[in-house]
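Student: This is the structure I have questions about; it appears just below.
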Amino acid sequence: MGKSRNARRGRAAAETVVADVDGGRAELVPDRDRPRARTLLIDGAPQSHVDLDDPAYLSFEYQRRIGHVIDLAAPPGRAVHAVHLGGGALTLARYVAATRPRSTQQVVERDAALVQLVRRELPLDPGARIRVRSTDARAGLAKVPDGWADLVVADVFAGARTPAHLTSTEFLDEVRRALAPGGVYTANLADGPPLAHLRGQIATAAARFAELALVADPAVLRGKRFGNAILVAADRPLPVAELTRRAASDAHSARVEHGRALTDFTGGAPPVTDAAAVDSPAPPESVFE
């Protein structure tokens, strides 16, 4: 009888969980190669991947690139104060908790129904110091105390687009206010040809931070296809050489641009203000095929 119940539980655990959340239709799809891993999809678009047995495992290439930034934001293993704007399945917050024990983290995820689904189906480690706020990312950021965060991670998408109010100099003023001296800001940006959004975002960050780097697939940087680019910004020198090494040695290698080459990449694009901000471009349907 006991074995039969265990078998039924095993089969149930391998089923896709579907639920309607504020952002659309959410699916938690089992990973065939990892028994306790799931991929989160919203309206068919992959959002996050979580392995409860190995929260330091990052399946998505853009999340691995952010993982490199997290690894290099402070000495290995040192606890940090981290703010995550956009939660998804809480993949990156779990990564910080696994790689930097005793870290204190705040996650701002507007979709309260999604948070409930993730907490129920992919529960957090009870010992992880992760607080989740269900509110708008910029409103949640405004509640972070001045100089509290060693790391701010922005990965916010609504309908596969970054909301306009999270793309401006005024938004980055809030990020800078929340960051501790020497703190690091990193953001997941998505764009395709002609890369007008990406160029504008780099110009916007350059107007507020002394040091920038951009990690992306070379084909994305050349405007050959739609994809993700990871922005890294700080008011201190960035570990560009080590970031470049890690990005190049990844299973899906990426290029790191910084300095004059990154400035030239903007092509003279002006910084984006609240008054002129628009949502990031929608990805083509082929991206999810």
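The values are calculated or read from the model by the stated rules, or taken from the named source; none is laboratory data. Source: prediction; values computed, not measured. Positions of Cβ are backbone-derived with ideal geometry, glycine not excepted, and every protein chain shown enters the neighbour counts. Ligands, DNA and RNA are excluded from the accessible area calculation, which covers all protein heavy atoms including side chains. Shrake-Rupley method; radii C 1.70, N 1.55, O 1.52, S 1.80 Å.
Student: Criterion first (of a type outside the set (Ser, Thr, Tyr), crowded, with 21+ Cβ neighbours inside 10 Å, modelled with pLDDT of 95 or more and closer than 21 Å to residue 129 by Cα) does residue 52 satisfy it?
Tutor: Working: of a type outside the set (Ser, Thr, Tyr): yes; crowded, with 21+ Cβ neighbours inside 10 Å: no; modelled with pLDDT of 95 or more: yes; closer than 21 Å to residue 129 by Cα: yes.
In short, no.
Student: Can we say residue 192 is open to solvent by less than 10 Å² (accessible area, probe 1.4 Å), closer than 18 Å to residue 269 by Cα and not aliphatic (A, V, I, L, M)? Steps first, please.
Tutor: Numbers: open to solvent by less than 10 Å² (accessible area, probe 1.4 Å): yes; closer than 18 Å to residue 269 by Cα: yes; not aliphatic (A, V, I, L, M): yes.
Considered against the rule, which asks whether it is open to solvent by less than 10 Å² (accessible area, probe 1.4 Å), closer than 18 Å to residue 269 by Cα and not aliphatic (A, V, I, L, M), residue 192 comes out as yes.
Student: Given the conditions (1) in a loop (DSSP other than H, G, I, E, B); (2) closer than 19 Å to residue 201 by Cβ; (3) open to solvent by 40 Å² or more (accessible area, probe 1.4 Å), and given that residue 57 satisfies all but one, which numbered condition is not satisfied?
Tutor: If we test residue 57 against (1) in a loop (DSSP other than H, G, I, E, B); (2) closer than 19 Å to residue 201 by Cβ; (3) open to solvent by 40 Å² or more (accessible area, probe 1.4 Å), just (2) comes out false.
Student: Turning to a different aspect of this structure: Only one of these conditions is not met by residue 237: (1) at pLDDT 95 or above; (2) open to solvent by less than 50 Å² (accessible area, probe 1.4 Å). Which number is it?
Tutor: (2)
Student: Just checking, which of 25, 38 is surrounded by 16 or more Cβ atoms within 10 Å (Cβ to Cβ) and either outside any strand (DSSP E or B) or among the charged types (D, E, K, R) (or both)? First the steps, then the outcome.
Tutor: On the way: 25 fails: surrounded by 16 or more Cβ atoms within 10 Å (Cβ to Cβ).
Only one candidate passes the filter, namely 38.
Student: Checking residue 44 against (1) within 13 Å of the chain's Cα centre (by Cα); (2) among the small types (Gly, Ala, Ser); (3) open to solvent by 20 Å² or more (accessible area, probe 1.4 Å), which single condition isn't satisfied?
Tutor: It fails just one condition, (1).
Student: Here's a follow-up. Name the pairs: first residue in region 268-289 and at pLDDT below 95, second residue part of a loop (DSSP other than H, G, I, E, B) and open to solvent by less than 60 Å² (accessible area, probe 1.4 Å), Cβ to Cβ under 8 Å, at least 6 apart or on different chains?
Tutor: Within 8 Å, the pairs are 282/160; 283/160; 283/192; 283/226; 284/192; 284/226; 287/226; 288/44.
Student: Can you tell me which of (1) in contact (Cβ under 8 Å) with a residue 12 or more places away in the chain; (2) surrounded by fewer than 23 Cβ atoms within 10 Å (Cβ to Cβ); (3) within 26 Å of residue 43 (Cβ to Cβ) is the one residue 219 doesn't meet?
Tutor: Here residue 219 meets the rest and fails (1).
Student: Could you check residue 235 against (1) free of Cβ contacts under 8 Å to residues at least 40 places away in the same chain; (2) among the charged types (D, E, K, R); (3) closer than 23 Å to residue 168 by Cβ and say which number it fails?
Tutor: So residue 235 meets the others, but not (1).
Student: Also, quick follow-up: Examine region 188-195 for a residue that is of a type in the set (A, V, I, L, M), closer than 18 Å to residue 262 by Cβ and either touching an Asp or Glu at 6+ places or on another chain (Cβ under 8 Å) or not in a strand (DSSP E or B) (or both), and state whether such a residue exists.
Tutor: yes
Student: For the list (1) open to solvent by less than 50 Å² (accessible area, probe 1.4 Å); (2) acidic (Asp, Glu); (3) free of Cβ contacts under 8 Å to residues at least 24 places away in the same chain, I need the number of the one condition that residue 250 fails.
Tutor: Among (1) open to solvent by less than 50 Å² (accessible area, probe 1.4 Å); (2) acidic (Asp, Glu); (3) free of Cβ contacts under 8 Å to residues at least 24 places away in the same chain, the lone unmet condition for residue 250 is (3).
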